[in-house]
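Nothing in this text is a laboratory measurement; each read-out follows from the coordinates by a stated rule. As the structure is a prediction and not an experimental result, all values here were calculated from the model. In this analysis, Cβ positions are derived from the backbone assuming ideal geometry, glycine residues included, and neighbour counts consider all displayed protein chains.
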Amino acid sequence: MGFYAKMSFKYFSQFSDSVSHYFTDLRTDLKKARIKLSVQEYLSIGIMTCFIIFVLVFPVLSMVFGFIFADPILAFVSSFSVSLGIILISVWIILNYPKIVTREKGKHIDNALPFAALYLSTVASSKLPLHKTFQIFSKFEYGELTDEIRSIVNDVDIFGLDINTALERAVDRSPSKSLKEMLWGILSTVRSGGDLSVYLKEVAKNSITEYRRQLYEFSHQLTIYIEIYLTSMVLGAIFFTILTTIISSIGGPTMPTSVITLQFLIIFIFMPMVSLLFIMLVRSSTPGGEG
């Protein structure tokens, strides 16, 4: 553990241990996310983080609301309520962070699986033992998928497990449903004495077919996204600029200044933010792209 983790565990270990039984799924989530912390350690870090956030945010909000409201009681209640809301959001993020990491890992594995399965089937066609097949595969970089296969190899080489037990452990900790299904299929094929290369070729074929379907669907989604973006951002911005200019010409003497300020906020703040959100949306929905 690092210094922050040690300090958190020192002060909040007893409390985190007393509430850890309420978070039954957290141990599995930490394992799948490969966060090398116990439930008690992770909860202690979360409690320490929330405490620090409250200590920093509450005084700042108290000063801000003190300037806004003349009543000190109202300012105190407002700052405390907003601080409590920020803490609740922080708690939700901390508790769901392992799930978010697991989801991202699973997505990266699913993106690499069609091509990795094809390579595995090629190696398996040489009739090498499954352990040797995984050893060869673990030397190539397929991101998170390589880490999962490397863990299987380590279970066999370092911990002395047989390949079937190592596969069962890999299924339990895998963040990807598709990888779980493939590993279960490999395990069943090995136990039944089937041809592993034939099974992996079929997995690769189905995965690539699914990948092509996702690309086809994404091309149609992208067309809709572009139409929405062009309509709302480009045409909307032009219409807004023309409309506000006309309104300012028929308004009072203070109207032009207000319109210019509003146009500045829309063009230089709102539109770039919406464009950034649009880019993030496209990147997150791209098959094989970054999440």
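Under the simplified labelling scheme, the residue 230-residue 136 pair shows an inter-label distance of 5.0 nm, with each label point 7 Å from Cα along Cα→Cβ.
Longer than 30 Å from Cα to Cα, which of 32/205; 132/177; 6/132 are they? Say none if no pair is. As for pairs spanning more than 30 Å Cα to Cα, those are 6/132. Just to be sure I understand: with springs between alpha-carbon atoms less than 10 Å apart, which residue in 43, 200, 262 has the highest mean-square fluctuation in the Gaussian network model of the chain? Highest fluctuation among the options: 262.
Across the stretch 105-120, computed HN-Hα scalar couplings (Karplus, 6.51 cos²θ - 1.76 cosθ + 1.60, θ = phi - 60°) run 4, x, 5, 5, 5, 4, 5, 8, 4, x, 7, 5, 5, 5, 5, 4 Hz from first to last residue, x flagging Gly and Pro.
Listed values [x] 0.96; [y] 1.13; [z] 1.06 include one computed from this model; for Rg/Rh (Cα atoms, Kirkwood Rh) that value carries the label [y].
May I ask you to derive the FRET efficiency for residue 15 and residue 103 from their Cβ-Cβ distance with R0 = 22 Å, giving the value to the nearest 0.05?
Efficiency computed from Cβ-Cβ geometry: 0.15.
A Förster radius of 51 Å, combined with the Cβ-Cβ distance separating residue 258 from residue 36, puts the computed FRET efficiency at roughly 0.35.
Between 138, 20, 258, the GNM of the chain built on Cα springs shorter than 10 angstrom shows 258 fluctuating the most. At most 11 other C-beta atoms within 10 Å and a DSSP loop state: those are the exposed trypsin sites (Lys or Arg not before Pro) I care about. Give me the longest piece of the chain that has none. With a cap of 11 other Cβ atoms within 10 Å, the longest stretch comes to 140-291. When the charge dipole of the chain is built from unit charges on Cβ atoms (+1 for Lys and Arg, -1 for Asp and Glu) and taken about the Cα centre, the candidate among 229, 271, 35 whose Cα reaches farthest toward its positive end is 35. The GNM of the chain, with springs linking C-alpha atoms under 10 angstrom apart, assigns the highest mean-square fluctuation among 76, 134, 278 to 76. The Rg/Rh ratio of the stretch 107-207, with both radii computed over alpha carbons and Rh defined as the Kirkwood radius, is 0.91. Here the extension length gained between residue 4 and residue 55 equals 16.7 nm, from 0.36 nm per residue of separation less the Cα-Cα distance.
Treat every Asp and Glu Cβ in the chain as -1 and every Lys and Arg Cβ as +1, leave all other atoms uncharged, and give the resulting dipole magnitude about the Cα centre to the nearest 20 debye. Intermediate values should be presented prior to the final figure.
Numbers: 25 positive and 23 negative charges, 93 e Å.
Once rounded to the nearest 20, the dipole reads 440 debye.
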